[in-house]
Amino acid sequence: MNCFVLGCVFNTTIVILSACGLLLMGTAIYMVEWFPQYGAEQDITAFTIVTIVVGAVTLAAGLSMCAAVCTKHRCMLYVISLSSIGIFCFQLGAFLWLATQSQTERIAMLSTESYEDQPKYFDKLQLDFECCGIDKPSDWTSSSWGRKNIGEVPGSCCNTPTPVKSCSLTSDIVFSGGCQRPLFHYMETMYNIIVAALLVTCVFQFSAIFVSCCVARVYKDDTYDRLTD
C-alpha cells in the first residue's frame with residue numbers, strides 16, 4: 001500500500017476512534033446528568049454504564065495508536081492490532097445490545113399516578129417540554145391527583161408568567177400536547193447518536209486491526225518515516 005495513503009488511513013482511524021470515544025462518553029455522561037431530573041435514574045443505569053465503558057475503551061484505543069505513531073514502536077503496533085480484535089468484538093457486542101434496547105418501554109413507565117409521590121419530576125418534565133399529562137391533558141382526570149382536584153391540572157401544565165398551583169383543564173393556557181411523545185423523541189435522539197457512533201467505531205476499529213499491522217511492517221522496512229513526512 002502507498003505510504004501516503006496508509007498514513008492518511010492510519011491517522012484518520014486515530015482521529016475517528018478518539019472522537020467517537022469522546023462522543024460516546026460525553027453523551028452517556030450527559031444522560032446520567034439529565035435523566036435523573038425526571039426520576040429515571042434506575043432505567044438508564046445499564047445503558048449509560050455500557051456506553052461509558054465502550055467510549056473509554058475506544059478513546060484508549062485511539063490514544064494508544066497515536067502513542068505508537070509518536071514513538072514509532074513496532075511491537076506496540078502489533079499489540080494494538082491484536083487487541084483491536086478483542087476491542088472490536090466488545091464494541092460489536094455493545095452495538096448489538098444497545099440496538100435492541102427498547103426506549104418505548106421506558107417511556108411507557110410514565111404515570112400520572114406517581115405525581116403525588118414525586119411531584120418535582122413530573123413538574124420539571126411538563127415545564128421543560130411544555131406538555132401536560134402522558135398523552136393529553138385530560139389524563140390527569142383519571143389520576144389520584146385529578147380525583148382530588150376535579151377539573152384541574154397541575155400548575156406545571158399552565159403557560160403562565162409566574163408559577164401557579166393549578167389551573168382549569170379547559171383553560172387556554174394549558175399545554176395542549178402530552179409528554180410521552182416529546183420525551184420519546186428526545187430519548188430517541190440520544191439513543192441514535194450513541195448507536196451511530198458505535199457503528200462508526202466498529203468500522204474503524206476493524207480497520208485498525210489491519211492498518212496497525214501494515215504500519216508495523218512499513219516500520220520494519222525502515223520506511224516508516226515516510227508516513228509522517
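The values are calculated or read from the model by the stated rules, or taken from the named source; none is laboratory data. Just so you know, these numbers come straight off a predicted model, no measurement behind them. Glycine gets a Cβ as well: all are built from the backbone with ideal geometry, and neighbour counts include every protein chain shown. Note: areas computed on protein heavy atoms with side chains; ligands, DNA, RNA excluded. Shrake-Rupley method; radii C 1.70, N 1.55, O 1.52, S 1.80 Å.
All conditions but one from (1) more than 30 Å from residue 20 (Cα to Cα); (2) modelled with pLDDT of 80 or more apply to residue 189; the one that does not is (1).
Among the residues making up the range 134-143, those that are assigned to a loop (DSSP other than H, G, I, E, B) and either touching a Leu at 6+ places or on another chain (Cβ under 7 Å) or more than 11 Å from residue 169 (Cα to Cα) (or both) are 134, 135, 143.
Considering the range 192-229 alone, what residues qualify as being at pLDDT below 85, surrounded by 18 or more Cβ atoms within 10 Å (Cβ to Cβ) and more than 16 Å from residue 80 (Cα to Cα)? Those that are at pLDDT below 85, surrounded by 18 or more Cβ atoms within 10 Å (Cβ to Cβ) and more than 16 Å from residue 80 (Cα to Cα): 224, 227.
Scanning the range 55-76 for residues being modelled with pLDDT under 85 and closer than 21 Å to residue 94 by Cα gives a total of 0. Taking every residue in the range 76-99 that is within 20 Å of residue 63 (Cα to Cα) and pairing it with any residue that is open to solvent by 70 Å² or more (accessible area, probe 1.4 Å) and assigned to a helix (DSSP H, G or I), at least 6 positions away or on another chain, the pairs with Cβ-Cβ distances below 6 Å are 88/206. Looking across the range 13-35, the residues that are without any contact (Cβ under 8 Å) to a residue 60 or more places away in the chain and either within 15 Å of residue 206 (Cα to Cα) or among the small types (Gly, Ala, Ser) (or both) come down to 14, 15, 18, 19, 26.
Results for (1) at pLDDT below 90; (2) loosely packed, with under 13 Cβ neighbours inside 10 Å, shown as yes or no for each residue.
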{"site": "96", "(1), (2)": "yes, yes"}
{"site": "103", "(1), (2)": "yes, no"}
{"site": "112", "(1), (2)": "yes, no"}
{"site": "120", "(1), (2)": "yes, yes"}
{"site": "130", "(1), (2)": "no, no"}
{"site": "133", "(1), (2)": "yes, no"}
{"site": "153", "(1), (2)": "no, no"}
{"site": "158", "(1), (2)": "no, no"}
{"site": "183", "(1), (2)": "yes, no"}
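All of 44, 52, 87 fail the test of being modelled with pLDDT of 85 or more and open to solvent by less than 40 Å² (accessible area, probe 1.4 Å), apart from 87.
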